[in-house]
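So the structure is just underneath, and the comments pick up after that.
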Amino acid sequence: ELGALERQQAGLAAITAVRSSGGAVQYHQVDLTDADAVAAVIGDIRAAHGRIDVLIHAAGVEISHVLPDKSPREFDLVFDVKSDGWFNLMRAVGTMPLGATVAFTSVAGRFGNGGQTDYAAANDLLCKLTSNLRTSRPATRGIAIDWTAWTGIGMATRGSIPKMMELAGIDVIRPEAGVPAVRRELTAGSTSGEVVIAGRLGSLLDEWHETGGVDQSALVSSSPMIGEAVRMGVHGGLTVETTLDPTKQGFLRDHAMEGTPLLPGVMGIEAFAELASLPLPGWSVAAIEDMRFEAPFKFYRAEPRTLTLHATFAQAGDDLVADCSLIGVRLLRTGLDPRVTKHFAGRVRLSRLPAELGTERIPAPDGPAIPAPTIYQVLFHGPAYQVLAQEWVVGREAVGLMAADLPADHVPASPFVLAPRLIELCLQTAGIWELATSGRLALPLRVERIVASPAGALPAGVVRARAIARDDGAFDVVLADEGESVFVRLEGYHSVELPGEGGEATLQLMKRAAAPELARAHPYSA
């Protein structure tokens, strides 16, 4: 009885507030599960106005019992108020113009919650039906708001619910924060579908199993970059731990600076491509976007080291995108907290269709070239990563010729998803242009976008990369074979100068290494 009086008082307060603000109110009380009664009310609205600007479906009943203790009648009541209520409303609206719908759903529908199977199912159904409006009623904007519990008003204000939520670490929403959120979503938000509005979600974000329930034996790869799939959670994404040994992997042994092997940036790109593809057989890597090399991953004393790969997945139109990171953990001294560093980060775009790169002719420029012995007196790369046979620098462009018969760079000799050494040729070609024109010895910092053919589709014959220096200091690079088929396109390659390197010392080394005719071809180094 008290609850009924409270609901009546709340309704009267709402009517009074609208009228005091200059609005007009027509109040109809109806059972949403009664299709005929709902149709009659909507019919009155159609006759009076001919349209509905905003339809808010906020009805709900919540009776918490674990499923074995829940009677079918109780389940149907909780489920039908939301689901049948929505169906009855939309059926009654029919073809009448409908500007927007707002369905009040729940975090229970998004994350699940013990004792609320019926309530969670109904709320999730409303989310799916709201999202479907983009197809079924494209002129209607649909919003489903997954609320957490409110304080002061609503179904979760009585009994032990507030205390249980506090123990679970779940924040409640104050009315003065929640009520304006509806207006903001309608007037300023860009959501069309499901949105979560909540504070801390506490135990709702906990995985039910330490691995997320994934079949770890199904997420396996023969690539050295993919070790053990540790978990793939509903909310936390995919985590893989990989241990690499510099004494076994050529891409580490031949990528060492002052005796310390470094994980090549191109192997970070490859790791992200493999990580994103691991749970999605049949999808192709369409592009690597916003690839950032934030800190070098070093193998101190050339000893094995474990890296952590992490990816979270989201839909982007017809594509899927995976936001990836490569994390390293290092214990500096016993008793101190380990140092956790994010070394690489980037986004992998996956598509049902393979990337199309087109064709481009890259001839060798006239004139002398910088030979490999000169290049690798300056660069620190060993045989497996000495990908440049020679390079031409002409104005703001550089063309690099791919070296032939490179030694193996990894074991086991399984194919990669991309071809890292083709991408490496692009990076080194741009790097030598910087060295030859300004004496700047640099490492990769960021690549805005990379599109590459699968590693199984290898170029034939002569392979060249052309790097074009942009006005903003970045490079656009394309790699093609003698058949003019393009295999790699890099947009916006940015570098950062290697601390303590380059400058006058580098220029002197270039002078000593370069032949006289080479010095004449490159006035800066001369």
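Once you order the gyration tensor axes a ≥ b ≥ c over the Cα atoms, which shape class does the chain get: rounded for a/c under 1.5, otherwise prolate or oblate by comparing a/b with b/c?
prolate
Quick check: from the Cα gyration tensor, does the range 170-259 come out rounded (a/c under 1.5), prolate or oblate?
prolate
Step through the residues of the range 134-151 one at a time and calculate ³J(HN,Hα) from phi using the Karplus curve (6.51 cos²θ - 1.76 cosθ + 1.60, θ = phi - 60°), rounding each to whole Hz and writing x for Gly and Pro.
Those phi angles translate into 4, 9, 6, 9, x, 7, 9, 8, x, 10, 10, 9, 7, 7, 8, 5, 9, 9 Hz.
Treating only the Cβ atoms of Lys and Arg (+1) and Asp and Glu (-1) as charged, compute the dipole magnitude of the chain about its Cα centre; round to the nearest 20 debye.
The dipole of the chain has a size of about 740 debye.
Would you calculate a helix-derived [θ] at 222 nm for the chain, using -39,500 (n - 2.57) for each DSSP H run of n ≥ 4 and dividing by the full residue count, to the nearest 500?
-9500 deg cm²/dmol
With a sphere of radius 12 Å drawn around the Cβ of residue 267, what net charge do the other residues whose Cβ falls strictly inside it have (Lys, Arg +1; Asp, Glu -1)?
With Lys, Arg at +1 and Asp, Glu at -1, the net is -4.
Summarise the accessible area of the chain (1.4 Å probe, protein heavy atoms) by the percent that is carbon and sulfur.
54
So, counting K/R as plus one and D/E as minus one, what does the shell of residues with Cβ under 13 Å around residue 308 add up to?
So the environment of residue 308 carries a net charge of +2.
Under the 0.36 nm per residue contour assumption, what length would be gained going from the current alpha-carbon distance of residue 404 and residue 29 to full extension?
126.9 nm
When Lys and Arg each count +1 and Asp and Glu each count -1, what net charge do the other residues less than 10 Å away from residue 401, Cβ to Cβ, add up to?
For residues surrounding residue 401, the net value is 0.
For a protection proxy built on the mean count of beta-carbon atoms within 10 angstrom, sort 1-14, 376-389, 192-205 highest first, please.
376-389, 192-205, 1-14
Using a cut-off of under 20 Å, list every residue of the range 12-35 whose amide N is near the label point 7 Å from the Cα of residue 187 along the Cα-to-beta-carbon line.
Residues 14-25 qualify, since their backbone N sits under 20 Å from the label point.
For the range 218-266 and the range 342-377, compute the distance between their C-alpha centroids and round to whole Å.
Each part's Cα centre sits 22 Å from the other's.
Where nothing but the Cβ of Lys and Arg (+1) and of Asp and Glu (-1) is charged, how large is the charge dipole of the range 380-497 around its Cα centre, in debye to the nearest 20?
120
What's the extension gain from residue 136 to residue 445 if we count 0.36 nm per residue and subtract their Cα-Cα distance?
106.7 nm
Which residue, chosen from 394, 320, 266, occupies the Cα position most advanced towards the positive end of the dipole of the range 259-401, where the dipole is computed from +1 (Lys, Arg) and -1 (Asp, Glu) charges on Cβ about the Cα centre?
In the range 259-401, that residue is 266.
The values are calculated or read from the model by the stated rules, or taken from the named source; none is laboratory data. Remember, it's a predicted structure, so these values are computed and weren't measured experimentally. Counting neighbours? That spans all protein chains shown, and the Cβs are built from the backbone with ideal geometry, glycine included. We work out accessible area using only protein heavy atoms, side chains counted, and drop any ligands, DNA or RNA first. Shrake-Rupley method; radii C 1.70, N 1.55, O 1.52, S 1.80 Å.
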